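Since every read-out is calculated from the coordinates, none of them should be taken as a lab result. Computed from a predicted structure; not experimentally measured. Cβ sites come from the backbone with ideal geometry, for glycine too, and all protein chains shown count toward neighbours.
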Amino acid sequence: MFEAVVSEPMKMVDVMRPEYKNLRVLVADDDRNVVNLLCRLLRELGFGTIESVDNGLSAAQKLEEAGFDLVIADWVMAPMSGIELIERLRADARWTNLPFIMVTGKNDRHGVETAKTAGVSGYLLKPFRIADLQKQVEYALQSASAPASELRI
C-alpha cells in the first residue's frame, strides 16, 4: 500500500539585507545551475549588482575591468581554478582584503587548510542553503581583513 506523506509548506524567512543593495558581487563557476542558484540567492539577500563568469581567468579579467565588493568562486574550474584565482588576488595589493568565498564540495581538512592558507574569507560547502550562503557572506564581509586562522565553515 502506498502512503502519501504531506509536509507543511516551507516558511520563507526574510533574509533581505538593505545594506547589501549597493554592493557588487562577482560569481565564478563553470556550472550554470550553481551560478543561477547563487545569483538567485544573492538577489534574495539583497545584493543589487551580481555578475557571473565561468572560470577564474575570466573572473580575474572582470576584476580588472570593474570593482567588486565580494567574489564567490568555485574551487574546480578551468583554465584557472578558484584556488589559483584567490592566490593571484592575494598576491596583488589591490585585492588583499577583497572578501572571497570559496564554493566547493571539498569537505576535508586538507581542502580547508589549503583554502585558509590561500586567503579565502569564507568557505561554502556544496550542497548549500540560503542560510549557509548568508552566514558565509556575513563572515566574509565582516572579516575580509581578519587573519585566515579565523575562517569559519
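Laid out as a table, the results:
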quantity	calculated
Interatomic Cα distance distribution for the stretch 37-153, bins of 10 angstrom, percent	14, 51, 33, 2
Proximal aspartates and glutamates to residue 126, defined as alpha-carbon separation beneath 15 angstrom and excluding residues fewer than eight positions away on the same chain	29, 30, 31, 74, 108
Mean Cβ count within 10 Å, highest first, over the residues of peptides 116-125, 76-85, 43-52	116-125, 76-85, 43-52
Cut-off under 5 Å, modelled amide H: who pairs with residue 72 long-range	26, 27, 28, 101
Length added when fully stretched, residue 21-residue 33, from 0.36 nm per residue minus Cα-Cα	2.0 nm
Computed over the stretch 51-149: relative contact order in percent, which uses C-alpha pairs under 8 Å that are six or more apart	24
